[in-house]
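So the structure is just underneath, and the comments pick up after that.
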Amino acid sequence: MKKLNTQSPDFQIELKALLAFETAQNPEIDRIVADICADVQKRGDVALIEYTNRFDGTSAQTIADLILTQNDLQAAFERLQPEIQTALKIAAARVESYHQRQKMESWTYEDEDGTRLGQQITPLDRVGIYVPGGKAAYPSSVIMNAMPAHVAGVKEIIMVVPTPKGERNDIVLAAAFVAGVTKVFTVGGAQAVAALAYGTESVPQVDKITGPGNAFVAAAKRRVFGVVGIDMVAGPSEILVIADGTTPADWVAMDLFSQAEHDEIAQAILIGTSQPYLDEVQAAMNRLIETMPRRDIIEASLGNRGAMILAKDLDEACEIANYISPEHLELSVENPQEWAKKIRHAGAIFMGRYTSESLGDYCAGPNHVLPTSRTARFSSPLGTYDFQKRSSLIQVSEQGAQKLGKIASVLAHGESLTAHARSAEFRLKD
């Protein structure tokens, strides 16, 4: 891992270089995705079947070969070992409980002249969730994307998940059952995103698409945005740990590994206030890496984008964290609640030495779909609110129309919009 020191005159330059990640669209990927999306939009199910057979190595003859019903999902759940069934149900229940508290409610109030104003909250009708199915299986992604939609009151939750070589993962399908998914299509890639966005003979058009995917999925989500809503275009996974030296070095080392093992471009950063402690964590990493099945990925990730930063104190560490705006921030310090008040930008804040980031990934309750690549400066975790809409309510009384009509008339004439002005003036008594 790179070693940085805040007292170095080149620290800011080094930090910017460390965080730099090419998020620009790849023209070749964009061209391929544009062709796939246009083809699915034009030929529907036929194109979807062809792309799925080509890219996933399947042999589907009809769209029925790619559809799973709730009965199929229940059967997958029942094939699992009891301890896995229990873990899925507990995780889903905790996520549901947390997201119930995010649910927005409609409200109104009345002016002194009897005009009633307010906000009406309604759920989206139908959403699509994309679940990766390539290098690994992610039942947690199913729960984190589907449960907030379920809590929001979405009537139909359509899941798409690739099944390379036709291999279906029972844990992923069981998670869909537990989280209330309506129907599953075993398709992935840009073609799945296009099918959800435009609809086909069999895949219903959705209102919003959420969930992570590879570069082709990200490019497809970016392309269809506007036709449908999307959650975000996610970058590589990230963790930033701020440690005051009171947490066992092995724990911190493994926390850094937990994100580095995602892929070679994931980012793991440790900020400490003591060089001996940073050295202790490095020694723990050197020892523990020998036990990691995904050692090659971890080493590549840490070598490419990992770093240890020596800060003069925790105040400075928090300021650096606000600049980095990480997806996951661990405050592995004493009195973490106090230090959390200094954090303005982070997707999720994990407070205290016993709060490993992995608990948030699976079962703590808050959503694990989080802003990456410094976008936590202006965006938030996926939540129930992402599956609800707000409509403004305006009911003007006769008395209110006299006051508001005159104001609107003046402003409309100022914009040379005569019809606007007269529309308000017609309701005036004098």
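The values are calculated or read from the model by the stated rules, or taken from the named source; none is laboratory data. What you see is a predicted model, and the numbers here were worked out from it, not measured in a lab. Cβ atoms come from the backbone with ideal geometry, glycine included; neighbour counts cover every protein chain shown.
Within the range 404-430, if we keep just the residues that are outside any loop (DSSP other than H, G, I, E, B) and either among the hydroxyl-bearing types (Ser, Thr, Tyr) or touching a residue at least 40 places away in the same chain (Cβ under 8 Å) (or both), the residue that is surrounded by the fewest Cβ atoms within 10 Å (Cβ to Cβ) turns out to be 418.
Checked against (1) part of a loop (DSSP other than H, G, I, E, B); (2) at pLDDT below 95; (3) within 22 Å of the chain's Cα centre (by Cα), residue 104 passes all but a single condition, namely (2). Going by the structure shown, is residue 161 out of contact with any strand residue (DSSP E or B) (no Cβ under 6 Å at 6 or more places or on another chain), β-branched (Val, Ile, Thr) and at pLDDT 95 or above? For residue 161, the condition - out of contact with any strand residue (DSSP E or B) (no Cβ under 6 Å at 6 or more places or on another chain), β-branched (Val, Ile, Thr) and at pLDDT 95 or above - is met.
When the residues of the range 46-59 are filtered to those that are closer than 15 Å to residue 185 by Cβ and free of Cβ contacts under 8 Å to residues at least 60 places away in the same chain, the one that is surrounded by the most Cβ atoms within 10 Å (Cβ to Cβ) is 49. Looking across the range 189-207, just one residue is crowded, with 21+ Cβ neighbours inside 10 Å and more than 21 Å from residue 54 (Cβ to Cβ), and that is 206.
In the range 389-403, the count of residues that are assigned to a helix (DSSP H, G or I), surrounded by 17 or more Cβ atoms within 10 Å (Cβ to Cβ) and over 30 Å from the mean Cα position of the chain (by Cα) is one or more.
How many residues are surrounded by fewer than 15 Cβ atoms within 10 Å (Cβ to Cβ), over 27 Å from the mean Cα position of the chain (by Cα) and hydrophobic (A, V, I, L, M, F, W, C) when one looks only at the range 1-45? Count: 1.
Here is a yes/no grid of residues against (1) modelled with pLDDT under 95; (2) part of a loop (DSSP other than H, G, I, E, B); (3) of a type outside the set (Phe, Trp, Tyr):
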residue	(1), (2), (3)
195	no, no, yes
201	no, yes, yes
204	no, yes, yes
257	no, no, no
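Please tell me if residue 167 is free of Cβ contacts under 8 Å to residues at least 40 places away in the same chain and charged (D, E, K, R). Answer is yes for this residue. Note on the range 72-105: residues that are touching a strand residue (DSSP E or B) at 6+ places or on another chain (Cβ under 8 Å) and in contact (Cβ under 8 Å) with a residue 40 or more places away in the chain total 4. Tell me yes or no: at least one residue of the range 120-128 is free of Cβ contacts under 8 Å to residues at least 40 places away in the same chain and buried (at least 17 other Cβ atoms within 10 Å of the Cβ). No; the residues of the range 120-128 include none that is free of Cβ contacts under 8 Å to residues at least 40 places away in the same chain and buried (at least 17 other Cβ atoms within 10 Å of the Cβ). Residues in the range 240-257 that are of a type in the set (Gly, Ala, Ser) and surrounded by fewer than 20 Cβ atoms within 10 Å (Cβ to Cβ): 245 alone.
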